[in-house]
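Worksheet: one structure, shown below.
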Amino acid sequence: MFKPVAGSGPDKVVFVLIPNFSMIALSGVVEPMRLANRISGKTLYQWETASRDGETVMASNAFPIQTDKSVADYNYAPTNVILCSGIDAHVYKDNAVFGWLRRWAREGSHIGAICTGAHVLAHAGLLKGYRCTIHWENLDSFTEEFPDLDVRAELFEVDRDRFTCAGGVSGLDMMLNEIATRHGQDLAAAVAEQFMHERMREGHDDQRLPLQARLRISHPKLIRAISEMERHTEEALTRDEIADRVGLSRRQLERLFRRYLNTSPARYYLKLRLNRAKTLLTQTTMPVTEVAFASGFTSASHFSKCYRDMFGRTPRAERRGPGGAPLEDGDLLAEEDLEDFDDLDDDSIEAMG
């Protein structure tokens, strides 16, 4: 992951902080290096922080971090660079920062990203031809925005001189693997024990909890039905298709959803697709119509009706965010055009997709 160094010198890392970066993602990478130094009694790792202008950068939890340097202060290519971002990375467009990143890449830096930092690297053109990953909440929107990239739903990806991780505590796992490779399994295990991290996960481990743990259900066919729904949010399946894929009749499928989740398959599926739409609206710049189609809706008007019924605001108002610009003519649907979805039957909900 890190660039090999000559002799026995420490690995040096520059963390480039993007406004609203994730503090836990940054800590997940820095703290294993600190503990590796402490436990080994040697300076195995050195690091510093940088920003666009060398000034304070606010984390997403409102903690301010005073950076050590600006990106322009580096008249050489840092050995290793890690982009750390968080909220709104998809709208971060700073050509000066992109330019420095591209320059460092040309001059041989190993460049990585944690949490949503893959967005920054992708906008800078530094992920073409590389495997990469990003936080599971951003996977759909990221792949929609960058369909030509090789995006994996991994905890972390290391591909030659690029590396990415999903954020949260996945940076800890990435660094434990790096410490094990660089300085031995015993040191990595000692660092993990200090964190009370009972297992060093590999890059290919799942980002998310299994469905059984997330939903607290164990019925195998219900799990399979929900898995089919999650895999087919863009080209929505009918209830009959889902039932057939898991070896049930439609009536049996309906009973399973009522018994374990107190809802119907159609309503559960609709909620799942609308949550995906909300992610695309808030994490990409895709037109609303494209978001509708990417969420399995064949009609933009039906999408708007469903969305407003569930979230209490239109898709365009959602994109503006709280405190955004006033609604424009056409944003609000006429009351007579709105359906009361609580009163709709499942056949009507399915037809609206």
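Numbers at a glance
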| read-out | value |
| --- | --- |
| Relative contact order of the range 108-249, pairs being alpha-carbon contacts under 8 Å that are 6 or more residues apart, as % | 19 percent |
| Taking the chain and dividing mean pair separation by its residue count, relative contact order in percent (alpha carbons under 8 Å, at least six apart) | 13 percent |
| Binned Cα-Cα distance frequencies in the range 201-308 - 10 Å width, integer % | 14, 40, 32, 13, 0 |
| Rounded accessible area of LYS271 (nearest 10 Å², 1.4 Å probe) | 110 Å² |
| Spatial separation of Cα centroids for the range 291-313 and the range 150-208, in angstrom | 38 Å |
| Anisotropy class of the range 45-128 from Cα gyration tensor, a/c 1.5 cut | oblate |
| Accessible area of the chain divided out per residue, in Å², using a probe of 1.4 angstrom | 49 Å² |
| Carbon and sulfur %, accessible surface of the chain computed with the full protein complex present, 1.4 Å | 47 percent |
| Using alpha-carbon coordinates, inclination of helix 23-40 to the longest axis of the chain, degrees | 40 degrees |
| Scattering curve values for the range 1-65, log₁₀ I(q)/I(0), Debye with Cα scatterers, q = 0.12, 0.28 Å⁻¹ | -0.37, -1.20 |
| With all protein chains modelled, accessible area of HIS204 [1.4 Å, Å²] | 120 Å² |
| The range 142-284: C-alpha gyration tensor shape, a/c 1.5 cut-off, then a/b vs b/c | prolate |
| Probe 1.4 Å, all protein chains present, accessible-area order of ARG52, ARG231, largest first | ARG231, ARG52 |
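The values are calculated or read from the model by the stated rules, or taken from the named source; none is laboratory data. Predicted model, so just to flag it, every value in this text is computed and none were measured. For the accessible areas, the whole protein counts, side chains as well, though only heavy atoms, and no ligand, DNA or RNA atoms are used. Shrake-Rupley method; radii C 1.70, N 1.55, O 1.52, S 1.80 Å.
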